[in-house]
Amino acid sequence: MAYFHVSVMLKEILNYLDPRPGKKYIDCTLGGAGYTIALAKEVGEQGQVIAIDLDELAIKNATRLIAQQKLENIVLVNDNFKNLKAVVSEQVSPEAKFDGIVFDLGLSSAQLDDEARGFSFKGERPLDMSFGPKNERSTADIVNTYSLPELTRIFQEYGEERYAYRIAKEIVEARKKKRIASTHDLVSIIEKVTPFRYHSKIHPATRIFQALRMETNEELKVLEAVLPDAVSLLKPYGRLVVVSFHSGEDRIVKQFFKDNPEIKILTKKPLIPTAEEMVNNSRARSAKLRAAEKIG
Ligand SMILES: C[S@@+](CC[C@H](N)C(=O)[O-])C[C@H]1O[C@@H](n2cnc3c(N)ncnc32)[C@H](O)[C@@H]1O
């Protein structure tokens, strides 16, 4: 399957990371390899990019691109970035330090389009929104086992969904009759209990799918845990750049930057994409970029 993803805010990322020959970087979210390849080209043979992704599809696609472009300074790692420190120890050395570390959170367009997985509410797919194969529980497990208060909470907190309780209640009722197994099963439930006028702006399943994806992959928990590790892996003046797409993610990054005495904030307010990028790439519309530098 062709892997399609347009990198968000690539120019700004390169601006903050300032790649030059011999520098070393970690791209914690390889995706379509847009950042990784751009960094690898700038750092040259003496430099290095470690690129991590939980998704085997991203690794396979990047392996092909790297071979095509004859780049020999990229190390691809199929793992969760929550294991960042262990990855660096294994792949480089326990003492290794980097000039920059970048996160571009969430999912790629290729994952959304992958028919084998349930990231999209269009069509009928298995209800699974795991980025990788190592998740303890699938999205279907969450939908079919979480209590009414738990479902309501994740729909409210991660989805900011005003009909959170109503949708959660209907899920709990529906699963008494039959396991909710596909994206179609879930979409039908959501459509049934949300008022028709609510369907006109964005599809009523959008926020629920986002919430379930975040819960399935424990996205906020993993982000919170990895940020201190990322700072510890930076050289003095090394830079940490995070692109987020959800207010909860951005809040975590903002607070972490504020509370950490080891770093200097480079973006007082988060950077957002240019109007032109937003027009050309609708996925970029909710992006927020924050950057910080390790104190020398
Ligand atoms: C938005 S895409 C990155 C796109 C990339 N910057 C580019 O230019 O093509 C996010 C990627 O991060 C991966 N990802 C999300 N959470 C992860 C985690 N905890 N560990 C490893 N990879 C993760 C997803 O599988 C996805 O491929």
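The values are calculated or read from the model by the stated rules, or taken from the named source; none is laboratory data. Remember, predicted model here, so these are calculated numbers, not experimental data. Glycine gets a Cβ as well: all are built from the backbone with ideal geometry, and neighbour counts include every protein chain shown.
Across region 98-133, the qualifying residues are those that are in a loop (DSSP other than H, G, I, E, B) and of a type in the set (Gly, Ala, Ser), and the one among them that is farthest from LYS23 (Cα to Cα) is GLY123. Just to be sure I understand, how many residues within region 27-75 are assigned to a helix (DSSP H, G or I) and within 21 Å of GLN111 (Cβ to Cβ)? Residues in region 27-75 being assigned to a helix (DSSP H, G or I) and within 21 Å of GLN111 (Cβ to Cβ): 16 in total.
Each residue in region 250-296 was checked for being under 19 Å from GLU12 (Cα atoms) and part of a helix (DSSP H, G or I), and 15 pass. Only one entry in THR216, THR194 is more than 22 Å from the chain's Cα centre (by Cα) and either crowded, with 19+ Cβ neighbours inside 10 Å or modelled with pLDDT under 95 (or both), namely THR194. When you check VAL242 against the structure, is it in contact (Cβ under 8 Å) with a residue 12 or more places away in the chain and surrounded by fewer than 21 Cβ atoms within 10 Å (Cβ to Cβ), yes or no? Considered against the rule, which asks whether it is in contact (Cβ under 8 Å) with a residue 12 or more places away in the chain and surrounded by fewer than 21 Cβ atoms within 10 Å (Cβ to Cβ), VAL242 comes out as no.
From the residues in region 127-150 that are among the polar types (S, T, N, Q) and surrounded by 13 or more Cβ atoms within 10 Å (Cβ to Cβ), which one is modelled with the lowest pLDDT? Full working, then the answer.
Looking only at region 127-150, we keep the residues that are among the polar types (S, T, N, Q), and these are 130, 135, 138-139, 144-145, 147.
Next cut, surrounded by 13 or more Cβ atoms within 10 Å (Cβ to Cβ) only: 130, 135, 138-139, 144.
Working: SER130: 94, ASN135: 70, SER138: 90, THR139: 96, ASN144: 98.
This residue is ASN135.
Does region 27-48 include one or more residues that are over 22 Å from the mean Cα position of the chain (by Cα), of a type outside the set (D, E, K, R) and more than 17 Å from LEU234 (Cβ to Cβ)?
Applying the first criterion (over 22 Å from the mean Cα position of the chain (by Cα)) to region 27-48 yields 41-48.
Now narrow it down to the ones that are of a type outside the set (D, E, K, R): 43-44, 46-48.
Remaining after also requiring more than 17 Å from LEU234 (Cβ to Cβ): 44, 46.
Yes.
Evaluated against (1) closer than 17 Å to LEU30 by Cβ; (2) without any contact (Cβ under 8 Å) to a residue 60 or more places away in the chain, LYS82 falls short on exactly one condition, (2). Within region 81-97, the set of residues being part of a loop (DSSP other than H, G, I, E, B), closer than 28 Å to LYS11 by Cβ and touching a helix residue (DSSP H, G or I) at 6+ places or on another chain (Cβ under 8 Å) comprises ALA96 only. Against the test of being aliphatic (A, V, I, L, M), free of Cβ contacts under 8 Å to residues at least 40 places away in the same chain and closer than 26 Å to SER93 by Cα, the options LEU227, LEU233 yield a single qualifying residue, LEU227. Among the conditions (1) more than 18 Å from PHE131 (Cα to Cα); (2) surrounded by 20 or more Cβ atoms within 10 Å (Cβ to Cβ); (3) of a type in the set (A, V, I, L, M, F, W, C); (4) more than 15 Å from the ligand (Cβ to nearest atom), ALA230 misses just one, which is (4).
Annotation note: Cβ proximity below 6 Å between a residue of region 4-17 that is in a loop (DSSP other than H, G, I, E, B) and a residue that is aromatic (Phe, Trp, Tyr) and more than 9 Å from the ligand (Cβ to nearest atom) (sequence gap 6+ or interchain) occurs for no pair. In region 129-152, the residues that are over 12 Å from PHE209 (Cα atoms) form Cβ pairs under 6 Å with partners that are assigned to a loop (DSSP other than H, G, I, E, B), at six or more places apart or across chains, as follows: PHE131/LEU54; PHE131/ASP55; PHE131/ASN217; GLY132/LEU54; GLY132/ASP55; SER138/ASP128; ASN144/ARG179; ASN144/ILE180.
Listed residues ASP27, ASP18; which is away from the ligand (no atom under 12 Å from the Cβ) and either modelled with pLDDT of 95 or more or assigned by TED's automatic domain parsing to the domain that holds SER282 (or both)?
On the way: ASP27 fails: away from the ligand (no atom under 12 Å from the Cβ).
Only one candidate passes the filter, namely ASP18.
On the basis of being in contact with a Phe, Trp or Tyr (Cβ under 9 Å, 6 or more places away or on another chain) and free of Cβ contacts under 8 Å to residues at least 60 places away in the same chain, does ARG290 make the cut?
Details: in contact with a Phe, Trp or Tyr (Cβ under 9 Å, 6 or more places away or on another chain): yes; free of Cβ contacts under 8 Å to residues at least 60 places away in the same chain: yes.
Against the criterion (in contact with a Phe, Trp or Tyr (Cβ under 9 Å, 6 or more places away or on another chain) and free of Cβ contacts under 8 Å to residues at least 60 places away in the same chain), ARG290 qualifies.
Screening GLU124 on (1) closer than 27 Å to ARG285 by Cβ; (2) surrounded by fewer than 16 Cβ atoms within 10 Å (Cβ to Cβ) shows it passes everything except condition (1).
Listed by first and then second residue, the pairs with beta-carbon distance under 9 Å, at least 6 apart or on different chains, first residue in region 26-53 and basic (Lys, Arg), second crowded, with 21+ Cβ neighbours inside 10 Å, are LYS41/PRO19.
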